[in-house]
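Notes follow the structure.
The values are calculated or read from the model by the stated rules, or taken from the named source; none is laboratory data. Treat the numbers as computed from the prediction; the structure is a model and nothing was measured. Cβ: placed from backbone, ideal geometry, glycine included. Neighbour counts: every protein chain shown. Each accessible area value is taken on the protein alone, full model and side chains, heavy atoms only, with ligands, DNA and RNA left out. Shrake-Rupley method; radii C 1.70, N 1.55, O 1.52, S 1.80 Å.
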Amino acid sequence: MESPETQLALLKRGAAQIINEAELLAKLKLGRPLNVKLGVDPTAPDIHLGFTVALQKLRQFQDLGHQAILIIGDFTAMIGDPSGRSKTRPQLSHDQVMSNAKSFQQQAFKILDPNRTRTVFNGEWFEMMTFEQVMKLNGRVTLQQMLQREDFKNRFDRGEPVHLHEIQYPIMQGWDSVMIKADVEIGGTDQLFNILVGRDLQREEKQPEQVVFLMPLLEGLDGVQKMSKSLGNYVGVSEPPSEMFGKLMSISDTLMARYYLLLLGEELPELHPMEAKKQLGFRIVERYHSREAAEIALADFNTRFSKRDLDQADLPAVQLQGIEPDLLSLIVAAFAEGFHITKSRGDARRLIEQGSVQVRGEKVVEPKADPALQPGDVLRLDKKHAVRVG
């Protein structure tokens with residue numbers, strides 16, 4: 001192992017908050033592998049790049065010689081983490097969760113070393129608990145504590161329901177830490193409350209309290225809100241290479257430094273922004289697919305946008321039948337179907353007025369134009385996005 005001081009310096013890189021550094025350094029000085037926990041709820045079969053931020057930090061702990069513990073929340077996922085939510089999540093069945101978990105683990109192990117990862121399902125202890133044990137566990141936390149959470153408090157103040165099963169979530173996440181004797185728990189900044197509950201429960205169980213290790217929430221492709229499937233601003237780990245590369249090329253130049261730091265653990269290179277973005281896209285595709293796939297994706301992008309040879313490019317095929325024939329509606333639909341990017345009619349109008357939109361290689365400058373698109377036609381949406389009509 002590296003010295004405790006060197007490890008701390010490496011681990012701090014990219015972190016949003018550590019509670020606290022002195023505790024972490026003391027644990028690193030124990031001279032044994034630390035139990036480093038990351039809990040995941042497989043509420044969907046796929047993960048996006050935003051979630052890989054925490055996974056990569058867990059891999060860093062792993063590479064420094066510590067024990068990575070991946071908690072699969074087969075019971076907590078049936079509740080759904082209420083953190084940052086403005087309403088109750090739809091409840092999933094245990095069968096749905098377990099089906100998602102298989103795909104989720106396959107994707108997580110593109111980052112983690114499966115041979116050095118302890119994977120635990122929290123149903124191992126929650127399934128065995130009696131109702132008496134559940135009551136005793138609930139008795140350790142007050143309703144006042146739960147209502148300190150901003151998300152619960154806001155919903156309560158607005159008169160929106162906060163269901164009792166949601167209040168169980170932080171307690172269950174905290175009990176996971178007790179059961180595995182976690183030394184460190186990694187999570188996003190929205191997990192602060194939940195991880196602090198774990199510290200409280202560990203203290204009551206006469207265990208050393210875990211260090212809270214918070215990672216930033218990665219902004220999505222829009223550069224504003226956190227990456228989320230529900231918002232359509234995500235890049236999926238299992239997406240096809242060309243789609244993954246194309247989405248990464250759509251991010252703003254100002255967002256690149258965040259993506260380099262949180263996804264690659266590096267500073268933004270001193271290159272032309274377009275070249276830096278291509279390098280980012282190449283390395284992400286290479287990581288989650290292969291070098292060959294990255295080379296093909298880069299070549300295809302160059303064909304589409306650098307060489308302007310869109311007719312020969314492998315473009316996303318979109319079905320625009322049934323869409324209103326006006327150009328604004330077609331552009332909005334093409335972004336949504338081809339790239340899962342949400343655009344308003346106002347956004348589409350601005351693209352036309354800026355001269356970004358082309359139909360069959362001809363620039364369109366009139367928002368009210370009827371392009372009469374035919375199957376096989378190329379609709380260029382902006383400098384980085386184009387689709388082929390199916």
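What number goes with the only condition from (1) in contact (Cβ under 8 Å) with a residue 40 or more places away in the chain; (2) farther than 30 Å from Tyr260 by Cβ that Leu143 does not pass?
The single condition Leu143 does not satisfy is (1).
Out of curiosity, is Thr303 within 21 Å of Leu248 (Cβ to Cβ), assigned to a loop (DSSP other than H, G, I, E, B) and not charged (D, E, K, R)?
No; evaluated as a whole, the condition is false for this residue.
Confirm whether Glu366 is at pLDDT below 80, over 33 Å from the mean Cα position of the chain (by Cα) and open to solvent by 20 Å² or more (accessible area, probe 1.4 Å).
no
Kindly provide the set of residues from region 155-189 that are open to solvent by less than 20 Å² (accessible area, probe 1.4 Å), without any contact (Cβ under 8 Å) to a residue 60 or more places away in the chain and either at positive phi or of a type in the set (Val, Ile, Thr) (or both), ordered by number.
Correct list: Ile171, Val178.
Between a residue in region 4-26 that is in contact (Cβ under 8 Å) with a residue 12 or more places away in the chain and any residue that is open to solvent by less than 70 Å² (accessible area, probe 1.4 Å) and among the charged types (D, E, K, R), which pairs come within a Cβ distance under 9 Å, given they are 6 or more apart or on different chains?
Within 9 Å, the pairs are Pro4/Lys27; Leu11/Lys57; Gly14/Lys57; Ala15/Lys57; Ile19/Arg199; Glu23/Glu209; Leu24/Asp183.
Considering only region 342-370, state which residues are touching a Ser or Thr at 6+ places or on another chain (Cβ under 9 Å) and either among the aliphatic types (A, V, I, L, M) or assigned to a helix (DSSP H, G or I) (or both).
Selection gives Arg345, Ala348, Arg350.
State the number of residues belonging to region 252-290 that are in contact (Cβ under 8 Å) with a residue 24 or more places away in the chain, open to solvent by 30 Å² or more (accessible area, probe 1.4 Å) and over 19 Å from Pro241 (Cβ atoms).
6
Scan Gln106, Gln91, Gln67, Gln56 and give me the residue that is at pLDDT 90 or above and open to solvent by 50 Å² or more (accessible area, probe 1.4 Å).
Criteria check complete, one pass: Gln67.
Answer with yes or no whether Arg308 is of a type in the set (Lys, Arg), modelled with pLDDT under 90, part of a helix (DSSP H, G or I) and under 14 Å from Lys383 (Cα atoms).
Considered against the rule, which asks whether it is of a type in the set (Lys, Arg), modelled with pLDDT under 90, part of a helix (DSSP H, G or I) and under 14 Å from Lys383 (Cα atoms), Arg308 comes out as no.
Any idea which of Val141, Val97 is open to solvent by less than 90 Å² (accessible area, probe 1.4 Å) and assigned to a helix (DSSP H, G or I)?
Val97
Within region 190-236, track down each residue that is open to solvent by 20 Å² or more (accessible area, probe 1.4 Å), β-branched (Val, Ile, Thr) and in a helix (DSSP H, G or I).
Of everything in region 190-236, nothing turns out to be open to solvent by 20 Å² or more (accessible area, probe 1.4 Å), β-branched (Val, Ile, Thr) and in a helix (DSSP H, G or I).
Checking Glu239 against (1) touching a residue at least 24 places away in the same chain (Cβ under 8 Å); (2) part of a loop (DSSP other than H, G, I, E, B); (3) surrounded by fewer than 21 Cβ atoms within 10 Å (Cβ to Cβ), which test does it fail?
(1)
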